[in-house]
1. Scan region 65-116 residue by residue and report those that are out of contact with any Pro (no Cβ under 8 Å at 6 or more places or on another chain) and at positive phi.
2. If GLY84 satisfies every condition in (1) modelled with pLDDT of 95 or more; (2) assigned to a helix (DSSP H, G or I); (3) surrounded by fewer than 11 Cβ atoms within 10 Å (Cβ to Cβ) but one, which is the exception?
3. Report every pair of residues separated by at least 6 positions or lying on different chains whose Cβ atoms are under 6 Å apart, first residue within region 51-72 and of a type in the set (Gly, Ala, Ser), second assigned to a strand (DSSP E or B).
4. If you go through region 42-49 one residue at a time, do you hit one that is part of a loop (DSSP other than H, G, I, E, B), exposed (fewer than 14 other Cβ atoms within 10 Å of the Cβ) and either charged (D, E, K, R) or at pLDDT below 95 (or both)?
5. What pairs come up if the first residue lies in region 98-116 and is touching a residue at least 12 places away in the same chain (Cβ under 8 Å), the second is part of a loop (DSSP other than H, G, I, E, B), and their beta carbons are under 6 Å apart, counting only those six or more places apart or on different chains?
6. What are the residues in region 58-92 that are farther than 16 Å from GLY43 by Cβ and out of contact with any strand residue (DSSP E or B) (no Cβ under 8 Å at 6 or more places or on another chain), if any?
Amino acid sequence: MYASSIRSLAIQSLRSSSPFASSSSSRIIISRAYSSPPSLDKGEAAIYEKLKTAFPGKRLEVQDVSGGCGSFYAIEISSPAFKGLSTIKQHKLVNKCLKEDIEGIHGLQLKTIPEE
């Protein structure tokens, strides 16, 4: 019974439309927030370090959502550098920072958050 409940929760978690969604009363969503890069795979760590250096802020999450092959990443990042900029300009800043990395991947899901 317990194992099937855990399996059910894991399946519900994987069906979430956003890898960074928070918990809700109907399902538990898996979220990966990193305080240090050692727990990241090679691709995640490279992106994490570049973004951490270029956009210091309170929140940075990098996740390979392609199943581990490194072809699609989800990134959530906050920084004072985004304050006063449109979402498009914020994304352009991140894309410029990751230009070399983006050339080698299939897709990028990006959420930028301006900080005070």
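The values are calculated or read from the model by the stated rules, or taken from the named source; none is laboratory data. Keep in mind the model is a prediction, meaning the values are calculated, not measured. Glycine also receives a Cβ, built like all others from the backbone with ideal geometry; neighbour counts cover every protein chain displayed.
1. Residues of region 65-116 out of contact with any Pro (no Cβ under 8 Å at 6 or more places or on another chain): 66-73, 75-77, 81, 86-89, 91-108, 110-113.
Once the filter is applied, which keeps residues that are out of contact with any Pro (no Cβ under 8 Å at 6 or more places or on another chain) and at positive phi, region 65-116 yields GLY67, GLY68, GLY70.
2. Unmet for GLY84, out of (1) modelled with pLDDT of 95 or more; (2) assigned to a helix (DSSP H, G or I); (3) surrounded by fewer than 11 Cβ atoms within 10 Å (Cβ to Cβ): (2).
3. Going by the 6 Å Cβ cut-off, the qualifying pairs are GLY57/SER78; GLY57/SER79; SER66/PHE72; GLY70/ASP64.
4. no
5. Listed by first residue and then by second, the contacts come to ILE105/SER71; HIS106/SER71; PRO114/LYS83; GLU115/GLY57.
6. ALA81, SER86, ILE88, LYS89, LYS92
The rows are residues; the columns are (1) under 19 Å from LYS92 (Cβ atoms); (2) among the acidic types (Asp, Glu).
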{"position": "LYS42", "(1), (2)": "no, no"}
{"position": "LYS50", "(1), (2)": "yes, no"}
{"position": "ALA54", "(1), (2)": "yes, no"}
{"position": "VAL65", "(1), (2)": "no, no"}
{"position": "CYS69", "(1), (2)": "no, no"}
{"position": "PHE72", "(1), (2)": "no, no"}
{"position": "GLU76", "(1), (2)": "yes, yes"}
{"position": "SER79", "(1), (2)": "yes, no"}
